[in-house]
Structure formats: C-alpha cells, structure tokens
Amino acid sequence: MLVQLNRNVGARDFSATATGLPLNPAHLPATTGHHPVVAVLGPAARVTGLAQHLPAGWSVRAAADLDDVHPDELVLFVGSAVRDIALARRLLPHRTQLVALVDDNAPAEKVAAVLTAGADACVRGGQPAILASHLVACRRRQLAGRWAQLNQQDRR
C-alpha cells in the first residue's frame with residue numbers, strides 16, 4: 001500500500017494521505033461567509049507578523065479600547081493585566097473569544113490568573129505561527145458554540 005501511495009502523483013491536498021499538507025494556515029483555502037477579525041488591545045508591534053500566518057480572509061486591526069471591539073471579533077490582549085481580561089469578560093458578550101499574549105518568561109501563576117479571569121487561551125512568547133494557531137482554534141470553538149446553542153434552542 002505504501003508503494004501505491006508513493007506512486008500516485010495526483011494532488012491530494014488536505015487528505016489523510018496528502019503529500020503536500022500545508023504547514024501555514026495562510027495557505028488554506030478561504031472560507032465563504034463572514035471573515036474573522038482579530039482586534040488587538042495593547043502594543044500591536046509585538047504581533048506584526050501575525051496576519052501572514054492567519055488563514056486567507058482574516059484580518060488584524062488595532063482596537064483603541066473595549067468599546068472599539070465589535071461583536072464576533074477575536075480579542076487579543078497583548079501584555080495586559082489580569083484585571084483587563086476580567087473587565088473584558090464582564091463587558092463583552094460571552095461568545096467573544098479572549099486570547100492573552102504574555103511574555104516568554106511569565107510565571108505559571110500569571111498564566112493561571114489570566115485563564116481564571118476569563119481568557120479562552122493564553123499564549124507565551126508571541127511567535128506568530130503559534131499565536132495564529134491558537135486564534136484559529138478559538139474561532140473554531142466560537143463557531144462550535146454557536147451551533148451548540150442553536151441545538152439547545154430547538155429543544156425548548
């Protein structure tokens with residue numbers, strides 16, 4: 001069977017036996033419908049290469065404050081305090097995904113405090129590819145949550 005797979009020269013993108021699986025989500029095909037937006041709160045200079053690692057159609061923008069965040073955006077806190085995340089969780093709709101970016105050497109207590117305050121994900125360091133993968137995962141959870149809520153509403 002392996003010999004047979006190796007002999008096949010046809011393109012089999014995104015299948016279990018694909019020979020050219022993409023490593024960068026930016027090379028994935030664009031999805032139809034609403035394109036996600038990542039609203040960055042904090043120094044945007046720390047995430048300058050992020051847009052290149054996000055899937056096609058995604059955008060990154062700097063938000064002035066929590067009032068500048070639109071519904072269904074992913075909110076990325078860069079170098080923020082735990083109280084900022086707790087405030088965002090209280091003020092923003094529950095479906096809003098909050099991602100905190102902390103320093104590489106942030107202690108485990110800081111990571112735990114950020115997650116306890118209401119962040120959906122906490123990323124150390126800020127390497128753009130790793131950060132992008134966390135944002136994509138948060139978006140998937142956000143969409144899955146919507147479908148689950150629709151299913152619950154139908155049962156009532």
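Out of everything in the stretch 80-120 that is among the aliphatic types (A, V, I, L, M) and assigned to a strand (DSSP E or B), what residue ends up being farthest from His134 (Cα to Cα)? Per the criteria, the residue is Val102.
Selection of the stretch 92-129 for residues being β-branched (Val, Ile, Thr), surrounded by fewer than 17 Cβ atoms within 10 Å (Cβ to Cβ) and touching a helix residue (DSSP H, G or I) at 6+ places or on another chain (Cβ under 9 Å) yields only Thr116. Scanning the stretch 37-64 for residues that are β-branched (Val, Ile, Thr), surrounded by 14 or more Cβ atoms within 10 Å (Cβ to Cβ) and assigned to a loop (DSSP other than H, G, I, E, B) yields no hits at all.
Values in this text are rule-based calculations from the coordinates and carry no lab data. From a predicted model like this one, the values you see are computed outputs, not experimental measurements. Cβ: placed from backbone, ideal geometry, glycine included. Neighbour counts: every protein chain shown.
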